1. In terms of the Cα gyration tensor, with a ≥ b ≥ c the square roots of its eigenvalues, is the range 138-185 rounded because a/c is under 1.5, prolate because a/b exceeds b/c, or oblate?
2. Assigning unit charges at the beta carbon (Lys, Arg +1; Asp, Glu -1) and nothing else, what dipole magnitude in debye, to the nearest 20, does the range 36-259 show about its Cα centre?
3. Give the shape of the range 53-188 as rounded, prolate or oblate, defined through the alpha-carbon gyration tensor: a ≥ b ≥ c are the square roots of its eigenvalues, a/c under 1.5 means rounded, and otherwise the shape is prolate if a/b is larger than b/c and oblate if not.
4. Fully extended, how many nm does the chain gain between Ala355 and Val8 (0.36 nm per residue separation, minus their Cα-Cα distance)?
5. In debye, nearest 20, what is the charge dipole magnitude of the chain about its Cα centre with +1 on Lys and Arg Cβ and -1 on Asp and Glu Cβ, if you could check?
6. Taking the Cβ of each residue in Arg121, Arg161, Arg332, Arg354 as the centre, tally the other Cβ atoms inside 10 Å and list the residues starting with the fewest.
7. Where in the range 234-257 does the label zone of Asp48 land, with the point 7 angstrom along Cα→C-beta and an amide N cut-off under 20 Å?
8. Using all alpha carbons of the range 185-344, what is the percent of pairwise distances in each 10 Å bin, ordered from the shortest bin to the longest?
Amino acid sequence: MAPHQSPVDPLRYHGDLAAAGARLDFAVNVRGPAPAWLARELRAAVDDLAGYPDAGLERRVREALGALHGRPAAEVLPLAGAAEGFALLPGLVPAGRAAAVLHPQFTEPEAALRAAGVPVRRILADRPGAPPDPDAPGLADAALVVAGNPVNPTGALHPGRRLRRLAGPGRLLLVDEAFADVVHPADHPGGADPALAGVRDPRVLVLRSLTKTWGLAGLRCGYALGEPGVLARLARRRPAWPVGTLQLRAMAAVAARGPAELPAIRERLRAERAAMTARLTAAGWTVAPSAAPFLLARPPLAADPAADPAAAVAELHRLRAGLAARGIAVRRCDTFPGLAGGGLGGPWWRLAVRAAPEVGTLVDEVHQLARGSRPGRAGGEEPR
């Protein structure tokens, strides 16, 4: 199989497939291991696993998460990761109606909708930071429209008031805010918080994730925020006890302690992203603006993406394969609708924001590969 071919449905491809076994991981956006206080809470909860998840604990979690966004508990639905929320989306689309997905976008919502037989219309951006068009033809009679903010994989951040215009009579807006908790206030468009998690609008449903910021990708923790009737429709086909005790304990701990730690996390992330952008740009990379913990970027290529996009795509694939041989994972972007074949001025990689030493290694390794160095020792370390 050629290195640029995906062995899975492109809509089901995610960065963890590239990151498996890598010594340097730029493909997955988890910020690191769970903090010590959260790990202690989870270890202590192991003794409670003989019993079924406690309804009282779930109620307290809903109250705590709701309080973070100025909402009552009835407007919060704990989930086994935001991905569970995406899997439940088909239940919100009446038979015979279509859904619209703004792309580029995290692909699980479209994958879930298509798997359930829901017709999906793709609304493609014409540049990485293009704002959503509330008058796009594909929205006219859609029952559900899906958007991300900040957008995965571009890192674009849209004003909340513009996103709300995507909702309409008989049309529900689902906003994926998986990375909104780490957006720095200095990056808010127009100085206004773009998040809709605290907006109590019956036409708006928001999904949040706790896995990226708090190192919980293996535990699956997330939640939905919306009008109680919408949440009831979302949850009507869930099994009994869909969220386990460890997940609930993790959510409770993050709700209690996370808000005090988020400002420092945002400051560090913004500084690292600025430094990473500067380092890549100085090395001749092309980097799109981002307000997220990842960047849309590509290294300098021999082929001109504008004049010969096919050659540029092939070259970028060869570089990615060479990095993989050296134990470095980057997230391919040709699996995102709207980015395949060099879309949005590409081709692109999505790179998780990392500290300066890791970024320096990435730049050096790509430079060696571009010069034709064969994979082997890199930075004093054998790939594994």
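1. Judged from the Cα gyration tensor, the range 138-185 comes out prolate (a/c at least 1.5, a/b above b/c).
2. Using Cβ point charges on Lys, Arg, Asp and Glu, the range 36-259 gives about 300 debye.
3. oblate
4. Working: separation 347, 0.36 × 347 = 124.92 nm, distance 3.08 nm.
Extra length from Ala355 to Val8 when fully extended: 121.8 nm.
5. On the way: 47 positive and 36 negative charges, 41 e Å.
Computed about the Cα centre, the dipole is about 200 debye.
6. On the way: Arg121 17, Arg161 13, Arg332 26, Arg354 22.
Starting with the residue having the fewest Cβ neighbours, the order is Arg161, Arg121, Arg354, Arg332.
7. Label zone hits: 240-257.
8. 8, 24, 30, 24, 13, 1
The numbers here are math on the coordinates, done by the rules we state, and not lab data. A quick note: this is a predicted structure, and the numbers were derived from the prediction, not measured. Here the Cβ is made from the backbone with ideal geometry for all residues, glycine too, and neighbour counts use every protein chain on show.
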